[in-house]
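Peer 1: Quick one: this structure, given as structure tokens, is what I'll be asking you about.
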Amino acid sequence: MKFCELTLEEFEKFSDEHPLKSFFQTKYMYNRYLKENKEVYIVGVKKRSKVIGGSIIVKTSSFRGYGLYEALQGLLLDYKDKELLTFFVKELKGFLKEKKAYKLIINPYIPLREYDNNGVVTDKIDNSLIKKDILSLGFKELKKYDQVKWIYCLDIKGKTEEEVFKSFRSSARNYINKTISKFELELKELKYEELKDFYKIVEDTCLRKGFPGRSLEYFQNMDKAFKNKVKFIICYLNIAKYKDNLREEIALLEKKISNLSLAKANDKKREFYNLEIANNKKYLEEVKELEVNYPDNLLPLAASMFMLYGEEIVYLFSGSYEEYKNFFGQYRIQWEIISYAIKHHYTRYNFYGIKDITKRENQEDGVVKFKRNFNGYILELVGAFEIPINRGIYSLEHIYSNILKK
């Protein structure tokens, strides 16, 4: 075996065929790092000129002139080959030492366990031995890391749209049907120059919920790097269409009332129809305010970013306006992209990050509840791990970080 730097072409061929591939380990991400003037390398292991391991390694921060390097959703290799894993890590540490690194972080795209939609562990996956082997090489598991450890997924391999839709919880089906029949929501895929509209919605959500956000430049750089491998979507309410639908519904309800006899048995129906008419008239009054603020008749409700790579589509970022949540914009976006994934023969729709499902307090988390309405399954990834390259600087940085936390 031979450790070496790989050409972009060599790595692209290897990563595109690797079972652990993700958009983080692609030429697109590599080119993004270059445009952001980051220090980035492509390293790997060859056996008789064939690439058997590889990874993009990027310098993400510095401390006292030494660098922290990360292999986001890497390294790519067969982790059951202990000899290869040991060799790759040993040689990579030496390589990074020459680059004045003090620490390396990896977070392989490997599931540790699988859980059903109720959060009950299944017997389908057990990669605890892989985790044990990683730790045996001197890595330490990180308890906190800004990449996801729990992801929520939907299996769509070989399934029709009808089959997938029927598998959703009734609440999700009802919300999606409303967005089509009553609200007639419209989706728009954004161009580069329109990303500020996407950013505005996402930023509003991050500020409201206290989430760490991303800059507009981040989304612009992702769009430039990934081109047709990334989608930015905004869901709008067409105010004029919605107003027409409300009027039609009121007329239909009034007709139903007029067709009812005066028999006492119809009192409850009449009461229900009158209540619906009153609600729709209230909505019409609210629409008048919307028309003033949105003269183009398009009210932005929600926005989402998706990565399209390999056999899955990843729902990476999103935002929505709280005051318009009852139009269910996010449900409409999800269904449209899930439909797209089915039509284009992807095998998995990845809702991406959720909180630790094994903790009871997370069962009622809004994001968890939203994603579980689609009746998928949960993967706990093997985790993120750090290993010292320069022990002196590593220890000093650790002490300094602890002081800052106090």
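Peer 1: Rank Ile333, Leu8, Phe63 by how far each Cα sits towards the positive end of the charge dipole of the chain (+1 on Lys, Arg Cβ; -1 on Asp, Glu Cβ) and give me just the farthest.
Peer 2: Phe63
Peer 1: Further, regarding this structure: Over the range 240-293, what is the relative contact order in percent, taking alpha-carbon pairs closer than 8 angstrom and at least six residues apart? Mind dumping the intermediate values first?
Peer 2: Numbers: 23 pairs, mean separation 26.0, N = 54.
Once normalised by length, the contact order is 48 percent.
Peer 1: Mind checking which lysines have their Cα closer than 23 Å to the Cα of Lys143? Skip sequence neighbours fewer than 8 apart in that chain.
Peer 2: Those lysines meeting the cut-off are Lys59, Lys93, Lys103, Lys131, Lys132, Lys209, Lys355, Lys359, Lys405, Lys406.
Peer 1: Let me ask something else about it. What list of ³J(HN,Hα) values in whole Hz, one per residue of the range 298-310 in order, does the Karplus curve 6.51 cos²θ - 1.76 cosθ + 1.60 (θ = phi - 60°) give from phi, with Gly and Pro shown as x?
Peer 2: 10, 9, x, 10, 7, 9, 8, 10, 10, 9, 10, 8, x
Peer 1: Something else now. Looking at the chain as a GNM with Cα springs under 10 Å, which of Asn297, Asn373, Asn259 has the largest mean-square fluctuation?
Peer 2: Asn259
Peer 1: Further question: Let me spell out the model: positive unit charges on the Cβ of Lys and Arg, negative unit charges on the Cβ of Asp and Glu, origin at the Cα centre of the range 240-293. What dipole size does that give, in debye rounded to 20? Could you put the intermediate results ahead of the total?
Peer 2: Numbers: 12 positive and 11 negative charges, 62 e Å.
Dipole magnitude for the range 240-293 comes out near 300 debye.
Peer 1: Moving on. Largest first and in whole Å, what are the equivalent-ellipsoid semi-axes of the range 123-254 based on the Cα gyration tensor, each being the root of 5 times an eigenvalue? Don't skip to the answer; put the middle values down first.
Peer 2: Values: eigenvalues 305, 120, 46 Å².
So the equivalent ellipsoid measures 39, 25, 15 Å along its semi-axes.
Peer 1: Mind checking which of Val202, Val287, Val43 has the largest fluctuation in a GNM of the chain, springs on alpha carbons under 10 Å?
Peer 2: Of the options given, Val287 has the highest mean-square fluctuation.
Peer 1: Considering the options Ser261, Ala240, Leu275, tell which one lies farthest towards the positive end of the dipole of the range 240-293, charges being +1 on Lys and Arg and -1 on Asp and Glu at the Cβ, about the Cα centre.
Peer 2: The one lying farthest along the dipole's positive direction is Ser261.
Peer 1: Within 10 Å, count the other beta carbons around each residue, average over each peptide in 357-370, 318-331, 301-314, 387-400, and list them highest first.
Peer 2: 301-314, 318-331, 387-400, 357-370
Peer 1: Using a Gaussian network model of the chain whose springs link C-alpha atoms within less than 10 Å, name the residue from Leu316, Leu252, Leu299 with the highest mean-square fluctuation.
Peer 2: Leu252
Peer 1: Here's a follow-up. Out of residues 5 or more away from Gly53 or on other chains, whose amide H comes under 5 Å of its own, with H placed 1.01 Å from N in the peptide plane?
Peer 2: Val45
Peer 1: In addition: When averaged across all projection directions, what area in nm² does the alpha-carbon convex hull of the range 272-346 cover? Present the calculation step by step, with values, prior to reporting the outcome.
Peer 2: Details: hull surface 28.6 nm².
With the hull built on Cα positions only, its mean projection is 7.1 nm².
Peer 1: Which order do the peptides 218-229, 187-198 take when ranked by the mean count of other beta-carbon atoms within 10 Å per residue, highest first?
Peer 2: Details: 218-229: 16.4, 187-198: 13.8.
By packing density, highest mean first, the sequence is 218-229, 187-198.
Peer 1: Just to confirm the number: angle between the C-alpha axis of helix 329-343 and the first principal axis of the chain, 0 to 90 degrees, nearest 10?
Peer 2: Between the helix axis and the principal axis of the chain, the angle is about 60 degrees.
Peer 1: Follow-up. For the chain, I need the span (max minus min coordinate) of the C-alpha atoms along each principal axis, in Å, sorted largest to smallest.
Peer 2: Over the chain, Cα extents along the principal axes are 87, 46, 45 Å.
Peer 1: Return the lysines within reach of Lys255: Cα separation strictly under 22 angstrom, same-chain partners fewer than 8 residues apart disregarded; answer none if there are no such residues.
Peer 2: Lys255 reaches Lys178, Lys182, Lys241, Lys243, Lys264, Lys268, Lys269, Lys281, Lys282.
Peer 1: Starting from the amide H of Glu39, placed 1.01 Å from N in the peptide plane, find each other amide H under 5 Å away whose residue is 5 or more places distant or on another chain.
Peer 2: Hits under the 5 Å cutoff: Lys59.
Peer 1: Here is a further query. Kindly write out, for the range 165-170 in residue order, the coupling ³J(HN,Hα) from the Karplus curve 6.51 cos²θ - 1.76 cosθ + 1.60 (θ = phi - 60°), rounded to whole Hz, with x marking Gly and Pro.
Peer 2: These are the phi-based 3J(HN,Hα) values: 4, 5, 6, 5, 4, 4 Hz.
Peer 1: Given charges of +1 on the Cβ of Lys and Arg and -1 on the Cβ of Asp and Glu, with all other atoms neutral, how large is the dipole of the chain about its Cα centre, in debye to the nearest 20?
Peer 2: Working: 72 positive and 59 negative charges, 204 e Å.
The calculated dipole for the chain is roughly 980 debye.
Peer 1: Follow-up. List, in the order given, every pair from Lys188/Lys231; Lys27/Lys227; Lys13/Lys149; Lys35/Lys227 whose Cα-Cα distance in the structure shown is over 18 Å. Walk me through the numbers before you get to the answer.
Peer 2: Values: Lys188/Lys231 10 Å; Lys27/Lys227 12 Å; Lys13/Lys149 27 Å; Lys35/Lys227 14 Å.
From the list (Lys188/Lys231; Lys27/Lys227; Lys13/Lys149; Lys35/Lys227), the Cα-Cα distance tops 18 Å for Lys13/Lys149.
Peer 1: Rank by packing, highest mean first: peptides 1-9, 104-112, with packing defined as the count of other Cβ atoms within 10 Å averaged across residues.
Peer 2: 104-112, 1-9
Peer 1: Considering only DSSP beta bridges whose two residues both sit in the chain, what percent are antiparallel, to the nearest 5? Present the calculation step by step, with values, prior to reporting the outcome.
Peer 2: On the way: 60 of 68 bridges.
Counting DSSP beta bridges with both partners in the chain, the antiparallel share is about 90 percent.
Peer 1: Follow-up question, since we're still on this one. How high is the relative contact order of the chain, given as a whole-number percent (alpha carbon pairs under 8 Å, six or more residues apart)?
Peer 2: Values: 669 pairs, mean separation 99.5, N = 406.
For the chain, the relative contact order is 24 percent.
Peer 1: Could you bin all the Cα-Cα distances of the range 240-293 into 10 Å bins starting at 0 and give me the percent of pairs in each, rounded to whole numbers?
Peer 2: That works out to 24, 44, 22, 9, 1, in percent per bin.
Peer 1: Work the Kirkwood hydrodynamic radius out for the range 1-154: mean of 1/r over every pair of different alpha-carbon atoms, inverted, in Å.
Peer 2: Working: mean 1/r = 0.0607 Å⁻¹.
About 16.5 Å, per the Kirkwood formula over Cα pairs.
Peer 1: Using alpha carbons only, how many angstrom separate the centre of the range 138-176 from the centre of the range 1-27?
Peer 2: Result: 26 Å between the Cα centres.
Computed from the coordinates by the stated procedures, all read-outs in this text should not be read as laboratory data. All of these numbers come straight from a predicted model, not from anything done at the bench. Positions of Cβ are generated from backbone atoms using ideal geometry, with glycine treated the same way; all protein chains shown enter the neighbour counts.
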